[in-house]
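The values are calculated or read from the model by the stated rules, or taken from the named source; none is laboratory data. Everything numeric here is computed off the predicted structure, so don't read it as measured data. Positions of Cβ are generated from backbone atoms using ideal geometry, with glycine treated the same way; all protein chains shown enter the neighbour counts.
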Amino acid sequence: MTVKSDVLHGTLDLIILKTLDAMGPLHGYAIARRIEQISTDQLAINQGTLYPALLKLWHRGWIATKWGASDTGRRVKFYAITRRGEEQLRTEEAAWQRSAGIVTRFFKLSKAAK
Amino acid sequence: VRALVRRLWSLVQRRRLDKELADELSAHLEYAAADNIAKGMSRSEAQRAAARRFGGVLQTTEAYRHARGLPFVESLWLDATYAVRSLLRQPAFSAVALVVLATVIGLNTSLFTLTAGLLFRPWSGLSSPGRVVTIVPVDAVGRSGGFSIVASRFIADRAKSLSAVSVMRPESVDLGHEGARGRVGAFLVSGNLFDVLGIRMARGRGFVPDEDRVGTPRAVVVLGYALWQARFGASADIVGNTIDINDVPFTVVGIAPEGFVGPEPSSANVFFPVASVSLLRPRDPAVASFLYRPDDCCSDLVGRLAPGATRQQAAAELDVLTRSFQTENIVDPQQTRSEGWRIVVGGTEFLARPGRKNQLLVLVGLLSAGLALVWLLACANIGNLQIARAAARAREIGTRLSLGASRARVVRQLLIEGLILALGASVLGIGIAFILPKLLVTSLAQGPPPFSLEPDAVVLIYAVMLAGASAVAFGLAPALHATHTDITNALRSAPVDLNRSGFRLRSVLLGAQIALSVILLVSAGLLVRGAQRRASFDPGFSTDVTVVSFQTPAADSRTGADALVAHLVGALGDSQGRFAFAAHEPLAMSRDLTGVQAPGATTRSQPADVLAISPDYFDVLRIQVVAGRPFLRQESAAAIMINESFARVHWPNENAVGRTLLVGGPQGLEPHQVVGVVRDTYTASLTKIAPTVYRMTDHWLRAPVLLLKAGNAPVAAVVARTVARFDSRVSVQSTPLADRLEEQMRPFRYGAVVATTLGLAALALATIGTFGVFMYSVRQRTREIGVRIALGAAPSAVVRLILTSQSHAILGGLALGIAGAAGAAAVLRGLVYGIRPLDPVAYAGVLAVLALAGLAASYIPVRHASRIEPASALRYE
């Protein structure tokens with residue numbers, strides 16, 4: 001059994017936005033599957049926690065929702081990223097890269113010191 | 001903001017969104033299961049795995065809901081709907097509580113509206129009312145006076161702190177002509193009054209300065225709104241037309257706006273320029289004094305503060321101005337006011353006028369105290385019912401607690417129930433406050449008051465706060481108590497434990513109720529007894545008399561009045577004590593004040609009531625002469641009689657007969673001789689006996705009233721015929737004096753009725769409360785009583801058991817109540833005339849009533865207890 005790391009605190013929003021940005025409109029299950037696939041099942045999200053997170057993003061106007069038929073013909077709710085969501089994603093992504101870069105530099109530093 | 005809007009929207013859409021979420025989640029699970037099947041699992045295994053992967057559907061839904069709406073508002077809303085359902089489940093309790101609370105809140109809010117009107121609301125219709133002031137001189141002992149017209153002009157010309165000053169002087173006039181003639185209240189006002197007050201006329205215009213020039217009077221009039229409605233059918237054509245006033249045609253120039261009635265409650269008002277008084281009273285010598293003498297008295301002044309000026313500045317300036325006016329104009333130092341007076345500049349609020357405060361405020365204070373007690377009582381009572389209800393709901397509450405609801409959450413739920421009840425009641429109560437104050441004021445006073453009686457925002461806030469306070473007062477203790485239960489006990493089907501703490505709380509509430517209702521009942525009893533004593537009291541004169549009053553076309557015609565009297569005397573023959581004339585009818589509240597002084601006295605002359613009468617006056621009214629002799633037929637003009645009070649004031653412990661007294665007349669103070677002293681009577685008003693001087697006259701300033709001994713129908717007919725022959729324009733009106741007396745007693749009766757109503761309401765509440773407590777105690781102990789009876793206890797022992805269970809509360813409540821009532825009685829005695837604080841009849845009556853009510857309240861529960869069947873009681877669970 002693989003040890004699954006917890007979802008990094010506060011990054012679920014970012015992950016969802018990035019997923020929608022990359023894949024276009026998806027329904028809830030597809031988003032969950034996509035996240036699991038990309039993280040190669042190492043990110044354990046309780047799939048249910050996805051929905052409150054989606055709601056929060058909708059409240060902020062970063063994603064839009066629309067009911068439609070899935071490929072199997074079932075009525076499902078599709079989520080898509082909005083223009084504001086894309087802007088938000090870019091700012092967050094930049095901020096993430098920056099802080100990840102800083103942390104990485106620190107790790108390198110400690111190696112050199114040895 | 002977007003988030004807030006979306007959250008609010010989702011509150012409204014709750015049901016639809018819940019369904020959507022359920023759809024979405026089930027779709028998710030279906031997909032997951034389908035994927036698992038594709039991986040080769042069996043159907044049921046696939047579903048289980050999908051669910052495991054998902055986490056708890058319920059938890060997700062809960063978390064989702066939490067994130068979706070505004071959880072606090074939402075749960076509040078849920079509590080509220082739950083509270084409404086729970087109240088509807090117990091319609092009897094809810095209805096009783098609602099009615100009781102609505103009545104109590106309605107009464108309190110009505111009184112608040114009335115008090116706010118009296119204290120804080122200026123005359124209706126003013127523009128920037130805060131700048132309009134009344135100007136009143138007040139003497140050292142707090143009596144208010146007024147200004148002469150000359151002084152008012154002096155002040156108006158010089159005062160810098162006031163941009164304008166106007167006179168308002170009450171007057172009464174005859175309106176209309178033959179047949180449709182009636183006396184109405186009037187005000188003589190300066191030409192600028194309506195500008196000073198900033199009043200927008202309903203029709204036409206106010207006066208212009210040119211219409212108020214002394215010496216060149218103009219016959220113009222402004223009608224009050226209510227009078228215009230009632231007498232002229234609100235016809236717009238009346239403006240510009242003439243109407244007859246004191247038989248002189250006056251042109252109507254305008255209609256005052258609705259609500260503006262001047263400083264006193266009145267429904268019939270007209271306004272005249274001051275100068276036109278010489279047209280209204282062409283032959284009255286007093287007019288010249290009114291218009292020209294600097295020492296004339298008693299016109300009210302109103303003014304508008306100059307921009308930037310304060311009331312204090314105005315008062316200081318007017319003080320100086322008035323003093324310099326007096327030194328300039330008044331030669332006779334005896335005529336100047338006593339030292340120590342000052343000018344008070346106040347607003348137009350009804351109670352802002354000096355000297356008006358005391359009586360009304362006392363009444364308002366008493367009523368507030370009474371109503372506050374009734375409010376407390378009602379809350380205690382509903383609280384008591386709540387506890388009984390909580391006992392019945394113990395299982396429901398226990399269930400909620402055991403399912404994990406926090407105690408605070410359940411208390412909140414219970415408080416919200418109370419709040420909803422109280423808010424519903426306060427809506428009804430506000431409805432009452434829209435109707436009751438107006439009804440009360442218009443029925444007690446002569447017409448609508450000068451201020452508005454509409455409940456305003458402040459009143460609404462008061463009502464809502466009162467509702468909140470009520471909810472806490474009757475709800476908090478029961479709620480805390482109800483949630484303080486042992487869950488396991490509550491869930492068992494029988495209320496096994498006696499719930500001692502709750503029982504004690506109920507006993508305390510019962511005691512408080514009894515104490516409060518004793519206080520209210522004793523107060524009411526004392527007031528009722530006071531009113532009874534008044535009702536049966538002896539006014540000091542015979543009311544077996546018919547009063548005939550005459551309205552002559554020119555009310556001030558001296559020759560007319562004298563000729564009329566001469567005609568009547570000629571037709572009626574020798575009086576022989578059958579009839580008499582007097583300047584004023586008894587109990588009419590009108591009086592002539594004249595300065596009097598004992599010779600050699602160093603103080604200035606003092607005002608006293610002087611009544612002009614014909615010699616048979618005391619015979620007709622059966623007023624006893626206690627010293628000296630009555631007036632003779634032929635009497636010297638210097639002879640006067642006085643009443644006992646007057647004698648006491650001026651010659652304490654001495655014989656007054658034969659003394660000399662200086663009485664003010666047309667030529668100043670003139671010496672008179674006291675020939676006799678009569679008993680004190682309440683002829684002027686029922687509230688107090690004024691020191692009075694009686695003067696005999698056969699020269700009447702205006703038509704006197706004729707007092708006829710009753711049972712003299714032929715004489716009354718003779719009077720009517722004689723007057724018709726004398727002058728067909730004179731109208732005659734006769735009223736039995738007993739009716740007048742009855743009319744004057746009415747306020748005292750109203751007071752007693754109000755007090756009794758309050759007391760009875762308190763009694764009803766206490767009875768309901770007592771009944772509730774006993775019933776509850778019997779229910780709680782049904783099993784115990786069953787066991788006792790089964791073991792052979794006699795029914796009387798059971799009765800004793802139930803009665804003694806509450807004896808501490810009842811006795812304690814009675815003791816506290818009697819102590820409180822004694823205190824209240826002492827307070828009442830200081831405030832209301834004629835109350836005996838230790839009136840045994842009142843106390844005994846109250847105790848008897850209470851005992852009866854107590855018996856009635858405990859009868860059913862006790863009977864119920866003594867008839868408990870042991871077998872069924874043991875099966876009760």
Exactly one of (1) at the interface with chain A (Cβ under 10 Å from one of its Cβ atoms); (2) over 18 Å from A:Lys77 (Cα atoms); (3) exposed (fewer than 14 other Cβ atoms within 10 Å of the Cβ) is unmet by B:Arg7. Its number? (3)
Consider B:Phe54 against the criteria (1) at the interface with chain A (Cβ under 7 Å from one of its Cβ atoms); (2) touching a Ser or Thr at 6+ places or on another chain (Cβ under 8 Å); (3) surrounded by fewer than 16 Cβ atoms within 10 Å (Cβ to Cβ): it satisfies all of them except one. Which criterion is unmet? (3)
Considering only segment B:200-229, state which residues are touching a residue at least 40 places away in the same chain (Cβ under 8 Å), crowded, with 19+ Cβ neighbours inside 10 Å, in contact with a Pro (Cβ under 8 Å, 6 or more places away or on another chain) and within 18 Å of B:Gly240 (Cβ to Cβ). B:Ala202, B:Phe207, B:Glu211, B:Arg218, B:Val220
Please identify the pairs in which a residue from segment B:759-775 that is under 18 Å from B:Leu101 (Cβ atoms) has its Cβ atom under 9 Å from the Cβ atom of a residue that is among the charged types (D, E, K, R), counting only partners at least 6 apart or on another chain. B:Gly772/B:Arg506
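Identify all residues within segment B:18-37 that are of a type outside the set (Gly, Ala, Ser) and at the interface with chain A (Cβ under 9 Å from one of its Cβ atoms); write none if there are none.
The initial filter retains those residues of segment B:18-37 that are of a type outside the set (Gly, Ala, Ser), namely B:18-21, B:23-25, B:28-31, B:35-37.
Scanning segment B:18-37 gives B:Glu20, B:Leu21, B:Asp23, B:Glu24, B:Leu25, B:His28, B:Leu29, B:Glu30, B:Tyr31, B:Asp35.
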Restricting attention to segment B:10-17, does a residue exist that is within 20 Å of A:Arg33 (Cα to Cα), hydroxyl-bearing (Ser, Thr, Tyr) and either in contact with a His (Cβ under 8 Å, 6 or more places away or on another chain) or within 12 Å of another protein chain (Cβ to nearest Cβ) (or both)? no
Is there any pair with a first residue in segment B:532-557 that is modelled with pLDDT under 70 and a second that is in a helix (DSSP H, G or I) and small (Gly, Ala, Ser) whose Cβ atoms are under 7 Å apart and which are 6 or more apart or on different chains, and what are they? B:Thr552/B:Gly560; B:Thr552/B:Ala561; B:Ala554/B:Gly560
Matching residues, segment B:5-22, being among the charged types (D, E, K, R) and without any contact (Cβ under 8 Å) to a residue 40 or more places away in the chain: B:Arg6, B:Arg15, B:Arg16, B:Lys19, B:Glu20
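Give the residues of segment B:38-50 that are crowded, with 16+ Cβ neighbours inside 10 Å and more than 10 Å from chain A (Cβ to nearest Cβ), sorted by residue number. If you could, list the steps in order and put the result at the bottom.
Taking segment B:38-50 first, the residues crowded, with 16+ Cβ neighbours inside 10 Å are B:41, B:46-47, B:49-50.
The answer is B:Met41, B:Ala46, B:Gln47, B:Ala49.
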Which condition from (1) at pLDDT below 60; (2) not in a helix (DSSP H, G or I) is the one that B:His484 breaks? (1)
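May I ask you to verify whether A:Ile35 is more than 9 Å from chain B (Cβ to nearest Cβ), at pLDDT 85 or above and closer than 18 Å to B:Ala33 by Cα? Spell out how you get there, then give the answer.
On the way: more than 9 Å from chain B (Cβ to nearest Cβ): yes; at pLDDT 85 or above: no; closer than 18 Å to B:Ala33 by Cα: yes.
For A:Ile35, the condition - more than 9 Å from chain B (Cβ to nearest Cβ), at pLDDT 85 or above and closer than 18 Å to B:Ala33 by Cα - is not met.
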Yes or no: segment A:76-97 includes at least one residue that is closer than 28 Å to B:Glu30 by Cβ, in contact with a helix residue (DSSP H, G or I) (Cβ under 9 Å, 6 or more places away or on another chain), within 10 Å of chain B (Cβ to nearest Cβ) and not aromatic (Phe, Trp, Tyr). yes
State yes or no: is B:Ala656 in contact (Cβ under 8 Å) with a residue 12 or more places away in the chain and under 29 Å from B:Asp574 (Cα atoms)? no
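Take the residues in segment B:849-865 that are farther than 18 Å from B:Ala761 by Cα and surrounded by 20 or more Cβ atoms within 10 Å (Cβ to Cβ), then tell me which one is farthest from the chain's Cα centre (by Cα). Break it down into steps so the answer makes sense when it comes.
Pass one, segment B:849-865, residues farther than 18 Å from B:Ala761 by Cα: B:858-865.
Among the residues that remain, those that are also surrounded by 20 or more Cβ atoms within 10 Å (Cβ to Cβ) are: B:858, B:861-862, B:865.
Numbers: B:Ser858: 37, B:Pro861: 40, B:Val862: 43, B:Ala865: 46 Å.
Top of the filtered list is B:Ala865.
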Taking interchain pairs and intrachain pairs at least six residues apart, which have beta carbon atoms under 9 angstrom, with the first residue in segment B:153-167 and touching a residue at least 40 places away in the same chain (Cβ under 8 Å) and within 13 Å of B:Leu301 (Cα to Cα) and the second part of a helix (DSSP H, G or I) and among the polar types (S, T, N, Q)? B:Phe154/B:Thr322; B:Phe154/B:Ser324; B:Phe154/B:Asn329; B:Ile155/B:Thr322; B:Val165/B:Ser152; B:Ser166/B:Ser152; B:Val167/B:Ser152
